[in-house]
Amino acid sequence: MEELNNMEELKISDVEEEQIITPWKVESTTKINYDKLINNFGCKKIDNEILERFVRLTGQRLHPWLERGIFFAHRDLDKILDAYENNEMIYLYTGRGATSESLHLGHLIPFMFCKYLQDVFGAIIVIQMSDDEKFYFKTAGTIDDYINYTYSNIKDIIACGFNPHKTLIFSNSEYMNRHMYKNAIKMNKCITGNQIRGIFGLNLDNNIGQLSWPIFQSIPAFSNSFNRIFGDKHVYCLVPYAIDQDPYFRLARDFAESYKQEGYLKPASIMSTFIVGLEGVNGKMSSSDGSVSLFLDDDENTIRDKIFKHAFSGGGATKREHMLYGGNLLTDVSYQYLVYFMEDMDELKQVAYKYANGIMMSSEIKKIMSDCIVQLIQNHQHKKAMITKEDIECFMDDSKQFDMTMNKCVSSDIMYDYTQIGTNFDLTFGYNKY
Ligand code: TRP
């Protein structure tokens, strides 16, 4: 249980820098230090070498979030690429705990990225809707409230464009099968209360649902939980998530280690940073504060209004100062959002240049960002409106015929300057004056 022991020595909160990153809380007095997280969590940076290999094997362009270092860390992504290169099957797993009718912009990130990975590899994806988790961890709301949220959130997820023949979405309260439960049994026996306390910071005042939740978030990372799709075979699993979810998968990997004689494989991960809340770069977007989060069911006026009122500006205090010193790209929330959502790199660079040099005003960058986000959200709403009850049923049906064909490796002539992208990417393009 090598990884677990290391973990017990680690504090999940990092007092020195006052950043607290747990599955329940993301708080920091300064900008979150992701390098430190990589160290503390014992994962690897996504480096040039792996990006190059990814492009070489898949023949696809990198997602802008890989180019821009937003998906920045991994565990065993190289093993996933090995498997892909050897024509072995891999699958993807992610999830969502719904706490309101609609997702916010930050929630969209893992799903949009999963859709990209599904297309690149031709992979099956399983998506856990953890309504039980939210019921255990929130004080208000009945289990049926959370199940209802699940169903409205599923539409948002389907709207990301997943392939119905390669996707299973399940409500964790409503779905269980004997193979998956057998994995829960094995994990239950393997993991002590002290380990749960050490990894998650939970204690005996937490309810049993909370204490046992990590088991249930882990088991979908083992392909034999989905016997109807994969049979008894162990298939490599890649889990994309925002880095606060990491403790679950360290636990899952430890479990796999102790069951490796039976063929269990450690799930691999690919992790993203958090998109910041409108109010500033020290926190992540959250559902609990509606005024500073952009929801996928907000209408155009609401979106523009929230952005103009609340998006923290890195611009100068006065017009004169702004023209003199320029805007700060590193604290300006509108700019941060453009790094996520403005697809064209040259356009982004232009904005960076103009804003950092005080040629573009704060109101202008807010307008550009609002236009970009409004377009994204309206496009999403349009797709969501077309989803029917039958679509939802199809996505949730584990007895349908799944399309098990993976894409084949192709040779690629796509060229990148790998010294400028990924975790080397300078989001200021060297223009910042601060
Ligand atoms: N715990 C996640 C949340 O609070 C939801 C979740 C369930 C999840 N299973 C997952 C996230 C697997 C990433 C990967 O929203």
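The values are calculated or read from the model by the stated rules, or taken from the named source; none is laboratory data. All of these numbers come straight from a predicted model, not from anything done at the bench. All Cβ positions, glycine included, derive from the backbone under ideal geometry; neighbour counts span all protein chains shown. Just so you know, the surface numbers come from the protein's heavy atoms only, side chains and all, with ligands and any DNA or RNA stripped out. Shrake-Rupley method; radii C 1.70, N 1.55, O 1.52, S 1.80 Å.
Quick notes on this structure:
- Filter result for Ser269 (open to solvent by less than 20 Å² (accessible area, probe 1.4 Å), among the polar types (S, T, N, Q) and at pLDDT below 95): no
- Flag for Phe312 being surrounded by 20 or more Cβ atoms within 10 Å (Cβ to Cβ) and farther than 18 Å from Ile377 by Cβ: no
- Number of positions in region 54-76 that are within 21 Å of Lys266 (Cα to Cα) and either among the small types (Gly, Ala, Ser) or free of Cβ contacts under 8 Å to residues at least 40 places away in the same chain (or both): 2
- Among residues of region 251-310, those that are more than 17 Å from the chain's Cα centre (by Cα), part of a strand (DSSP E or B) and not small (Gly, Ala, Ser), counted: 2
- Ile303 being open to solvent by less than 10 Å² (accessible area, probe 1.4 Å) and either more than 25 Å from Gln19 (Cα to Cα) or within 16 Å of the ligand (Cβ to nearest atom) (or both): yes
- Number of positions in region 196-234 that are within 15 Å of Phe255 (Cβ to Cβ), modelled with pLDDT of 95 or more and not aliphatic (A, V, I, L, M): 12
- So Asp145, is it of a type outside the set (A, V, I, L, M) and open to solvent by 10 Å² or more (accessible area, probe 1.4 Å): yes
- Across region 390-414, the qualifying residues are those that are in contact with a Lys or Arg (Cβ under 7 Å, 6 or more places away or on another chain) and in a loop (DSSP other than H, G, I, E, B), and the one among them that is most open to solvent (accessible area, probe 1.4 Å) is Ser399.
- Boolean, Ala184 is touching a residue at least 24 places away in the same chain (Cβ under 8 Å), closer than 22 Å to Phe135 by Cβ and touching a Pro at 6+ places or on another chain (Cβ under 7 Å): no
- The set of residues in region 77-103 being in contact (Cβ under 8 Å) with a residue 12 or more places away in the chain and open to solvent by 30 Å² or more (accessible area, probe 1.4 Å) consists of Asp78, Lys79, Glu85, Asn87, Glu88, Met89, Gly95, Thr99, Glu101.
- Only one of the numbered conditions (1) among the hydrophobic types (A, V, I, L, M, F, W, C); (2) more than 16 Å from the ligand (Cβ to nearest atom); (3) assigned to a loop (DSSP other than H, G, I, E, B); (4) closer than 29 Å to Ser212 by Cα is violated by Ile38, and that is (3).
- Count of region 106-137 residues, restricted to those that are of a type outside the set (Asp, Glu) and open to solvent by 10 Å² or more (accessible area, probe 1.4 Å), is 10.
- Number of residues in region 166-218 that are within 16 Å of the ligand (Cβ to nearest atom), more than 25 Å from Tyr146 (Cα to Cα) and among the β-branched types (Val, Ile, Thr) equals 1.
- Identity of the residue in region 415-426, open to solvent by less than 40 Å² (accessible area, probe 1.4 Å) and in a loop (DSSP other than H, G, I, E, B), that ends up nearest to Gly327 (Cα to Cα): Phe425
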